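Only one structure is covered here, and it is reproduced in the block below.
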Amino acid sequence: MKVLVIGPGGREHAIVRGLLADPYVHEVHAAPGNAGIAALVPTHQLNANDPEEVTALARKLDVDLVVVGPEAPLVAGVSDRLREAGFPVFGPSREAAALEGSKAFAKQVMAGAGVPTAMAKVASNIGEAAEALDTFGAPYVVKDDGLAAGKGVVVTNDREEALAHAQSCFEAGGEVVIEEFLDGPEVSLFVLSDGRTVVPLAPAQDFKRIHDEDEGPNTGGMGAYSPLSWAPEGLVDEVISRVAQPTIDEMAHRGTPFVGVLYCGLALTSRGLRVIEFNARFGDPETQAVLARLRTPLGGLLMAAAKGQLASVETLRWTPETAVAVVLAAANYPDTPRTNDRIRGIKKANALDGVHVLHAGTALDEEGKLVSAGGRVLAVVGLGEDLVEARERAYDGMALIQLEGGQYRQDIAAKAAWGKVELPQQNASRQAASRSAASSTAEETR
Ligand code: AMP
Ligand code: GLY
């Protein structure tokens, strides 16, 4: 199988790495890729958001499958054009990608499908925004309706700050969605879909804020780990039955089937499971952690989704290890990042046991030296027997890498490693109930 991967980031590097490990994949190309991807496979420079350019490349390379990584090409209709030209595509159509592209649309679909999510109001002027803020009360949650690379959401106790964010979205010509605040830990679950059948990957947790202890502004994601040792038993089944399958069914029913990966961003609140957001693609950096553990060949899986054949895939296989991905970001990220700084030490990090480095915003300068070229520069992935070992390895790798002004969080997966993730009461009691059920079964069979 010959595969073309569209996108420039760490997620795409993880996908390319996964594809190369699939014995049925004999050739991988990427566009535009980054310096790390270019060291593995041929890369092609193009405007990834231009459906014609991407389709022309797929034709020229005569690929069997196109995997579209980021949201922007999906929302621009790249998958639609490729499908018209006869290519199997892993990635939803423009209309189906609106599940991510418009938060207001996602809320409509969830309402239609009976999927639990935060109560929300759409506001298109400051008066409506103020009214919605007062309806839900603090903490205030204000979301830019359109795509904002994970940075369009403000969660704050400060009403003025909430209003100011809404105002800046209105000034940019957009609308906002104002929501009730969801308490409880967050979970990212990637669910593959062929339009009808769904197959979940392993759950992960992502760290959105720039600084330790979840301080500072939201970013695209500063680290992730998988699986979740603390997750309530039955969580994945519950997400499938209450969230993913009803959403996929609703999209099919609307005549816009969703083919690709439905990223379910969830909160485990005191009132139960709630969807925070949907994305129409793999999460970044969760993918770097999740795919590091997947043993089932990735190419076959993505092809089965693209061709409507997920019902016939075998149960997914995983390494029993835990994966932790820690992101190294450039100076000044998540504001306009500084670029063109030298990056050193990746080879040394890659040489450590259980460590690999995935590039994101990297490039080669005129002298062929590796430099930063984006906000999130790379991720160091550690695999270990448990979270403690996986963290240790990821951070040992990070310690070998140098980037002037580089920033990374020290506390990725720390709470989980020390058993300190707290589930709100309802989940906690359900978890205790399922534990005692499990132990009584164990006693009975003794
Ligand atoms: P989103 O872009 O919708 O994923 O939001 C980015 C981040 O903002 C989420 O991962 C949460 O940490 C936070 N967030 C979004 N919506 C809510 C909510 N209703 N309650 C609490 N936190 C939220
Ligand atoms: N890590 C969050 C995202 O991919 O949206």
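When the criteria are applied in full, Ile178 meets the requirement of being surrounded by 18 or more Cβ atoms within 10 Å (Cβ to Cβ), among the aliphatic types (A, V, I, L, M), over 21 Å from the mean Cα position of the chain (by Cα) and not in a helix (DSSP H, G or I). Considering only residues in region 386-441 that are at pLDDT below 85 and touching a Ser or Thr at 6+ places or on another chain (Cβ under 7 Å), the one that is surrounded by the most Cβ atoms within 10 Å (Cβ to Cβ) turns out to be Gln426. Could you list all residues from region 185-196 that are within 16 Å of ligand 1 (Cβ to nearest atom), of a type outside the set (Val, Ile, Thr) and buried (at least 21 other Cβ atoms within 10 Å of the Cβ)? Those that are within 16 Å of ligand 1 (Cβ to nearest atom), of a type outside the set (Val, Ile, Thr) and buried (at least 21 other Cβ atoms within 10 Å of the Cβ): Ser188, Leu189, Phe190.
Determine whether Ala96 is under 21 Å from Asp284 (Cβ atoms), in contact (Cβ under 8 Å) with a residue 40 or more places away in the chain and touching a Phe, Trp or Tyr at 6+ places or on another chain (Cβ under 7 Å). In short, yes.
Conditions (1) under 24 Å from Ala97 (Cβ atoms); (2) hydroxyl-bearing (Ser, Thr, Tyr); (3) more than 16 Å from ligand 2 (Cβ to nearest atom), marked per residue:
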position: Gly221; (1), (2), (3): yes, no, no
position: Ala224; (1), (2), (3): yes, no, no
position: Trp230; (1), (2), (3): no, no, yes
position: Glu250; (1), (2), (3): yes, no, yes
position: Thr256; (1), (2), (3): yes, yes, yes
position: Tyr263; (1), (2), (3): yes, yes, no
position: Ala267; (1), (2), (3): yes, no, no
position: Ser270; (1), (2), (3): no, yes, yes
position: Arg274; (1), (2), (3): yes, no, yes
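Tell me which of these Thr315 doesn't satisfy, since it passes every other one: (1) without any contact (Cβ under 8 Å) to a residue 12 or more places away in the chain; (2) within 23 Å of Val5 (Cβ to Cβ). The failed condition is (2). Applying the criterion of at least 3 residues that are among the β-branched types (Val, Ile, Thr) to the strands (runs of 3 or more DSSP E) found wholly in region 287-374 leaves 322-329. Among the residues of region 343-362, are any within 16 Å of ligand 1 (Cβ to nearest atom) and surrounded by fewer than 24 Cβ atoms within 10 Å (Cβ to Cβ)? No, every residue in region 343-362 fails to be within 16 Å of ligand 1 (Cβ to nearest atom) and surrounded by fewer than 24 Cβ atoms within 10 Å (Cβ to Cβ).
For region 99-117, a residue qualifies if it is of a type outside the set (Asp, Glu) and within 16 Å of ligand 2 (Cβ to nearest atom), and the qualifying residues are Leu99, Gly101, Ser102, Lys103, Ala106. Picking from Val187, Val198, Val176, which residue would you name as being under 23 Å from Val236 (Cα atoms), more than 16 Å from ligand 2 (Cβ to nearest atom), among the hydrophobic types (A, V, I, L, M, F, W, C) and touching a residue at least 24 places away in the same chain (Cβ under 8 Å)? Being under 23 Å from Val236 (Cα atoms), more than 16 Å from ligand 2 (Cβ to nearest atom), among the hydrophobic types (A, V, I, L, M, F, W, C) and touching a residue at least 24 places away in the same chain (Cβ under 8 Å) holds for just one of Val187, Val198, Val176, which is Val198. On inspection, Ser241 does not qualify as within 16 Å of ligand 1 (Cβ to nearest atom) and among the hydroxyl-bearing types (Ser, Thr, Tyr).
Scanning region 99-128 for residues that are aliphatic (A, V, I, L, M), touching a residue at least 40 places away in the same chain (Cβ under 8 Å) and within 16 Å of ligand 1 (Cβ to nearest atom) returns Leu99, Ala104, Ala106, Val109, Met110, Val115, Ala118, Met119, Ala120, Val122, Ala123. Listed by position, the helices (runs of 4 or more DSSP H) inside region 73-131 whose residues that are under 17 Å from Pro51 (Cα atoms) number at least 2 are 78-84, 94-101.
Looking for something within 16 Å of ligand 1 (Cβ to nearest atom), among the small types (Gly, Ala, Ser) and touching an Asp or Glu at 6+ places or on another chain (Cβ under 7 Å) - is there at least one such residue anywhere in region 272-287? The answer is yes; a qualifying residue exists. Checked against (1) within 16 Å of ligand 2 (Cβ to nearest atom); (2) farther than 26 Å from Asp386 by Cα; (3) free of Cβ contacts under 8 Å to residues at least 40 places away in the same chain, Ser241 passes all but a single condition, namely (1). The lone criterion from (1) part of a helix (DSSP H, G or I); (2) in contact with a helix residue (DSSP H, G or I) (Cβ under 8 Å, 6 or more places away or on another chain) left unmet by Ser188 is number (1).
The values are calculated or read from the model by the stated rules, or taken from the named source; none is laboratory data. Everything numeric here is computed off the predicted structure, so don't read it as measured data. So basically every Cβ, Gly included, is an ideal-geometry build from the backbone, and we count neighbours across all protein chains shown.
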